[in-house]
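Participant: Following this message is one structure expressed as structure tokens.
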Amino acid sequence: MATQQTIAEGAAPRVPLLYDPRVRGIAYQILVFVGLFAFVYWIIGNTTANLQRANIASGFGFLQGRAGFDIGDSLVAYSSDSTYGRALYVGFLNTLRVAILGIITATIVGFVIGIGRLSKNWLINRICLVYVEVFRNIPPLLVIFFWYFGVLSVLPLPRDSIELPFGSYLNSRGFYFPKFLWGEGAGLIALALGLALVFIWFVRRWAAKRQAATGDRFPVLWTSLGLLIGLPLLAFVVTGFPLSFQFPALSTFNLQGGIQVRPEFLSLYLALSFYTAAFIAEIVRAGVLGVSHGQSEAAHALGLRNRPTLRLVVIPQALRIIIPPLTSQYLNLTKNSSLAVAIGYPDLVATGGTTLNQTGQAIEIVAIWLIVYLGLSLATAAFMNWYNARKALVER
């Protein structure tokens, strides 16, 4: 009687724990976690035993040891007496330099080629098409070899250097250009440059609010250029022109003075930039084609010409399509910089490989590689996600 009353009242029948989906789900998760923990514990134990058997000390204490090898291209002070940690830091800075400069150059070239692919001029359209198809279908390592062995290695020797404007030279040992020597008072110029950037940020925000409220556009570009050039130039004049130049000069066997950009860096930088630009060009072309043609027609109906229409109407809307896949290309360029080891450029992988060969600390070096490249990739993705959110369409 009680059972019939319970069923009549609509109470759910009691399910055994073995057949309860919620309990089974929790049990499966616990089993997976325990299995994963046991696997990691076994890996660590096995690795530790193998290291002890090979008489290899684990840990990162080796980073304080003397490196004993030279690095030809360094952004900071380094010698063979520096530590392994310093050598890896030099490699990290070299990787960062290639990644940042490569991303900037690839973005500019990619946008130009992508817009050129949409040009109604037959010659421009075909040239851009050939560029994209050639670079997009060649492995990046082959492009690096092309620039290193096919272009820079065949340049003349230092005694027959190609003389370029502004006291610069180009030969098989790299690109040489004058070195800036700042004197007393140069800090005021840097301060003026920082103030100019702050003023530009405020001007852009004020101009955006003004346009949203009144519809009137403010010449932000020319104002920004005036601030960016005018304030540092004014500080430069006030401080008495505290700048001199050290020009490269030809000696017996090589050029002395100035700044040398080695062919290894040039090869890697140019190869990654032009290779990645081919993929960015297709992303830009797809983004522009993704904007409704009615937007361009509406802009033309308001009296805008082709160039302002592209810059003010089409590109801002196309960025919402372009930015997500563009992030992947930035990540690919950063990771492809590890191919520098093929031509002897001392990036993080090359300096880490030399350190690994001398110390035998394979696990620690590989861990450093993983952490650095993961950190660079996450930082790039975070910045691009933030920029994508800024460009997203805001509902009113």
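Participant: Which value, in Å² rounded to 10, gives the accessible area of Val349 with a 1.4 Å probe and all protein chains present?
Facilitator: Solvent-accessible area, nearest 10 Å²: 30 Å².
Participant: Can you give the longest run of the chain that contains no GluC sites (Glu not before Pro) sitting in a DSSP loop with at most 14 other Cβ atoms inside 10 Å? Write out the running numbers ahead of the final one.
Facilitator: Values: sites that count: Glu9, Glu184, Glu395.
That gives 185-394 as the longest site-free run.
Participant: Suppose accessible area is computed on protein heavy atoms with a 1.4 Å probe; arrange Ile283, Ile100 from highest to lowest.
Facilitator: Largest accessible area first, the list is Ile100, Ile283.
Participant: From the protein chains alone at 1.4 Å, what is the descending order of accessible area for Trp222, Trp201, largest first? List each step's numbers first, then the result.
Facilitator: Values: Trp222 185, Trp201 135 Å².
Accessible-area ranking of Trp222, Trp201, largest first: Trp222, Trp201.
Participant: Just from its helices, what would the mean residue ellipticity at 222 nm be for the chain, if runs of 4 or more DSSP H residues each count -39500 (n - 2.57) and the sum is divided by every residue, rounded to the nearest 500 deg cm²/dmol? Don't jump to the answer; show the numbers that get you there.
Facilitator: Numbers: 13 runs with 246 residues, N = 396.
After summing the helix terms and dividing by the residues of the chain, the value is -21000 deg cm²/dmol.
Participant: By accessible area of protein heavy atoms, probe 1.4 Å, what ranking do Trp122, Trp206 get, highest first? Show your work: numbers first, answer last.
Facilitator: Values: Trp122 180, Trp206 125 Å².
I get Trp122, Trp206, largest accessible area first.
Participant: Moving to a separate point now. So if the hydrodynamic radius of region 289-360 is defined as the Kirkwood radius over C-alpha pairs, what does Stokes-Einstein give as its diffusion coefficient at 20 °C and 1.002 mPa s, in µm² per second?
Facilitator: On the way: Rh = 15.9 Å.
Calculated translational D: 135 µm²/s.
Participant: How far apart, in nm, are the 7 Å Cα→Cβ label points at Ala392 and Ser244?
Facilitator: 5.5
Participant: Moving to a separate point now. Give the calculated FRET efficiency between Ile30 and Leu374 to the nearest 0.05, with a Förster radius of 41 Å applied to their Cβ-Cβ distance.
Facilitator: Once rounded, the FRET efficiency stands at 0.90.
Participant: Apply the Karplus curve 6.51 cos²θ - 1.76 cosθ + 1.60, θ = phi - 60°, to the phi angles in region 225-242 and return the couplings in whole Hz, x for Gly and Pro.
Facilitator: Whole-Hz 3J(HN,Hα) from phi for region 225-242: 5, x, 5, 5, 9, x, 5, x, 5, 5, 5, 5, 6, 5, 7, x, 6, x.
Participant: On to the next question. Run the reach check for Lys179 against aspartates and glutamates, Cα to Cα strictly under 17 Å, same-chain hits fewer than 8 apart removed. What comes back?
Facilitator: Asp73, Glu163
Participant: For Lys335, give me every one of the lysines with a C-alpha distance below 21 angstrom, ignoring sequence neighbours fewer than eight places off in its own chain.
Facilitator: none
Participant: Spin-label point model (7 Å from Cα, Cβ direction): what's the Ile100 to Phe202 distance in nm?
Facilitator: 2.7
Participant: What is the ratio of the Cα radius of gyration of the chain to 2.2 N^0.38 Å, where N is its residue count, to two decimals? Before the final figure, lay out each step's value.
Facilitator: On the way: Rg = 29.3 Å, N = 396, 2.2 N^0.38 = 21.4 Å.
Computed over Cα atoms of the chain, the ratio equals 1.37.
Participant: Shifting gears a bit: Go ahead and collect, in residue order, the members of region 307-349 whose backbone nitrogen is under 17 Å from a label point 7 Å along the Cα-Cβ direction of Phe69.
Facilitator: 338-349
Participant: Follow-up question, since we're still on this one. Run through region 190-233 and list the trypsin sites (Lys or Arg not before Pro) located in a DSSP loop whose Cβ has at most 11 other Cβ atoms within 10 Å. Mind dumping the intermediate values first?
Facilitator: Values: sites: Arg204, Arg205, Lys209, Arg210, Arg217; in loops: Arg217.
Sites meeting the loop and neighbour criteria: Arg217.
The values are calculated or read from the model by the stated rules, or taken from the named source; none is laboratory data. Predicted model only: the values in this text are computed from it and were never measured. Virtual Cβ from ideal backbone geometry, glycine too; neighbours counted across all protein chains shown. Only protein heavy atoms, including side chains, enter the accessible area calculation; ligands, DNA and RNA are left aside. Shrake-Rupley method; radii C 1.70, N 1.55, O 1.52, S 1.80 Å.
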